[in-house]
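The values are calculated or read from the model by the stated rules, or taken from the named source; none is laboratory data. In this text, all values refer to a predicted model and were calculated from it rather than measured experimentally. Here the Cβ is made from the backbone with ideal geometry for all residues, glycine too, and neighbour counts use every protein chain on show. Please note that ligands, DNA and RNA were not included when accessible areas were found on the heavy atoms of the full protein model with its side chains. Shrake-Rupley method; radii C 1.70, N 1.55, O 1.52, S 1.80 Å.
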Amino acid sequence: MRVLGIETSCDETGVAIYDSEAGLMGDALYSQVAVHAEYGGVVPELASRDHVRKLLPLVNEVLLSSGTSADQIDAVAYTAGPGLIGALMVGASTGRAMALAWGVPAIGVHHMEGHLLAPMLEEQPPEFPFVALLVSGGHTQLVKVEGIGEYNLLGESLDDAAGEAFDKAAKMLGLDYPGGPEVARLAEKGDRKRFRFPRPMTDRPGVDFSFSGLKTFTLNTANKLKVDGVLSETDRCDIAAAFEEAVVDTLAIKCRRALQQTGFKELVIAGGVSANQRLRDRLEVMVKKERAQLFYARPRFCTDNGAMIAYAGCQRLMAGQSSDLSIQCQPRWPM
Ligand code: KG4
Ligand code: ZN
């Protein structure tokens, strides 16, 4: 089975072709970061327009680079939600139209299922069952995964997502959007011991998260240190380091609990924040102590991409699922 996957839920246009025998055959990604950077965040209307401009050229590029002709495509998968509704509609209507023209099924994929399955694209993929930590700009969830479509939510953020917290902390430190990688870069130069930020909700049982207090703590720390409204480079680096330590520690504590709670021996991390090196290093240490194993995707497949949608679509197709002609995008959609 060969599936063309389309991702347009936010500010990346992603297209890929995944084949159940040959694996990933082609993958192209266009990032709109430059379009939104001057606004300090994603502008939904501009995102939709840019997806319209880029999607078909990317489809062409992937068909060509993978040596695939349209008649070799068995289905078209597109992200049906959650995400920005206008942006989703671009991928959904284009994907649905191509499927109709080619006479193949279309499959609406849940964006977070795409993220969750992205580590399956790696050479040593995880095996079911596993615990998945989904950490993106919009979600922070711990999920018990027993197979394709067998997902049970163990815990989630009650307010901000981890990536959102990274992005907000970045703004406070005067960094560009998207802030996560920028905060990580500053943190590398910082003194991780100078400040101790709280590890929210780790003093009580359970695997839910809360990151909005950490954001306020970061702001207050920054405001106290400012001289004439300006933070020194040292202070910025030290705050970034303290913030990153707090998020990473909190995620690691909850992941350990989720492993202990389920008795599972595999932990998968996925979504944009799973690209964070400090998080990966900390979790490697933790899983070793738990006699478990850690899995993640290459950085390119941690953030939004078409490959994860092609892969998830292919699994759904092989399970006999597809979507009808109606296009139903859901900006909010529990997995
Ligand atoms: O999964 P993703 O690309 O999009 C959503 O589905 O939200 O995640 C984007 C999020 C952003 O908040 C970004 O700042 C964060 O992932 N991120 C990182 C890193 N790379 C991306 N956060 C921390 N460290 C990173 N290296
Ligand atoms: Zn995403």
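Scanning the range 218-266 for residues that are under 22 Å from PRO119 (Cβ atoms) and not in a helix (DSSP H, G or I) turns up GLY263, PHE264, LYS265, GLU266.
Taken over the range 279-335, the criterion of being within 16 Å of ligand 2 (Cβ to nearest atom), surrounded by fewer than 16 Cβ atoms within 10 Å (Cβ to Cβ) and in a helix (DSSP H, G or I) is satisfied by PRO299, ARG300. When the residues of the range 38-55 are filtered to those that are in a loop (DSSP other than H, G, I, E, B) and surrounded by fewer than 17 Cβ atoms within 10 Å (Cβ to Cβ), the one that is nearest to the chain's Cα centre (by Cα) is GLY41. Would you check if ALA101 is surrounded by fewer than 19 Cβ atoms within 10 Å (Cβ to Cβ), more than 30 Å from ASN220 (Cβ to Cβ) and of a type outside the set (D, E, K, R)? Criteria met by ALA101. Evaluation of LEU58 against the conditions (1) part of a helix (DSSP H, G or I); (2) more than 16 Å from ligand 2 (Cβ to nearest atom); (3) under 28 Å from PHE211 (Cβ atoms) shows that the sole unmet condition is (3). Taken as a whole, the condition of being within 17 Å of the chain's Cα centre (by Cα), of a type outside the set (Val, Ile, Thr), on the phi < 0 side of the Ramachandran plot and open to solvent by 10 Å² or more (accessible area, probe 1.4 Å) does not apply to GLU188.
Does THR250 fit the bill of being away from ligand 1 (no atom under 13 Å from the Cβ), β-branched (Val, Ile, Thr) and either over 22 Å from the mean Cα position of the chain (by Cα) or open to solvent by 10 Å² or more (accessible area, probe 1.4 Å) (or both)? For THR250, the condition - away from ligand 1 (no atom under 13 Å from the Cβ), β-branched (Val, Ile, Thr) and either over 22 Å from the mean Cα position of the chain (by Cα) or open to solvent by 10 Å² or more (accessible area, probe 1.4 Å) (or both) - is not met.
Only one entry of THR79, THR68 meets the criterion of being at pLDDT 95 or above and more than 14 Å from ligand 2 (Cβ to nearest atom), and that entry is THR68. Looking at VAL35, VAL3 in this structure, which one is surrounded by fewer than 19 Cβ atoms within 10 Å (Cβ to Cβ) and of a type in the set (Val, Ile, Thr)? One residue alone meets the criteria, VAL35. Listed by first and then second residue, the pairs linking a residue in the range 71-88 that is among the acidic types (Asp, Glu) to a residue that is crowded, with 20+ Cβ neighbours inside 10 Å, with Cβ atoms under 6 Å apart and 6 or more places separating them unless they lie on different chains, are ASP74/ARG2; ASP74/VAL104. Residue pairs whose Cβ atoms lie under 7 Å apart, separated by 6 or more positions or on different chains, with the first residue in the range 184-199 and touching a residue at least 60 places away in the same chain (Cβ under 8 Å) and the second in a loop (DSSP other than H, G, I, E, B), are ALA184/ASN276.
Conditions tested, residue by residue: (1) touching a strand residue (DSSP E or B) at 6+ places or on another chain (Cβ under 6 Å); (2) within 24 Å of MET112 (Cα to Cα).
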site	(1), (2)
GLU7	yes, yes
ASP11	no, yes
GLU45	no, yes
SER48	no, yes
SER65	yes, no
SER69	no, no
TYR78	yes, yes
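Scanning the range 73-106 for residues that are in a strand (DSSP E or B) and under 19 Å from the mean Cα position of the chain (by Cα) yields ALA77, TYR78, THR79, ALA80, GLY81. Of the set (1) away from ligand 2 (no atom under 16 Å from the Cβ); (2) closer than 18 Å to MET308 by Cα; (3) open to solvent by 30 Å² or more (accessible area, probe 1.4 Å), all apply to GLY138 but (1). Restricted to the range 1-34, and to residues there that are of a type in the set (Val, Ile, Thr) and either at pLDDT below 95 or not in a strand (DSSP E or B) (or both), the residue that is nearest to GLY95 (Cα to Cα) is THR8. I'd like the residue in the range 7-42 that is among the charged types (D, E, K, R) and more than 16 Å from ligand 2 (Cβ to nearest atom) and, out of all such residues, is nearest to CYS302 (Cα to Cα). Looking at residues that are among the charged types (D, E, K, R) and more than 16 Å from ligand 2 (Cβ to nearest atom), I get ASP19. For the range 152-166, the tally of residues that are within 16 Å of ligand 2 (Cβ to nearest atom) and either part of a strand (DSSP E or B) or surrounded by 23 or more Cβ atoms within 10 Å (Cβ to Cβ) (or both) stands at 7.
Within the range 170-184, the set of residues being of a type in the set (A, V, I, L, M, F, W, C), within 6 Å of ligand 1 (Cβ to nearest atom) and outside any helix (DSSP H, G or I) is empty. Filtering ARG96, ARG53 for residues that are over 27 Å from ALA319 (Cβ atoms), away from ligand 2 (no atom under 16 Å from the Cβ) and at pLDDT 95 or above leaves a single hit, ARG53.
LEU134 falls short on exactly one of the conditions (1) over 24 Å from ARG300 (Cβ atoms); (2) part of a strand (DSSP E or B); (3) within 12 Å of ligand 1 (Cβ to nearest atom), and that condition is (1).
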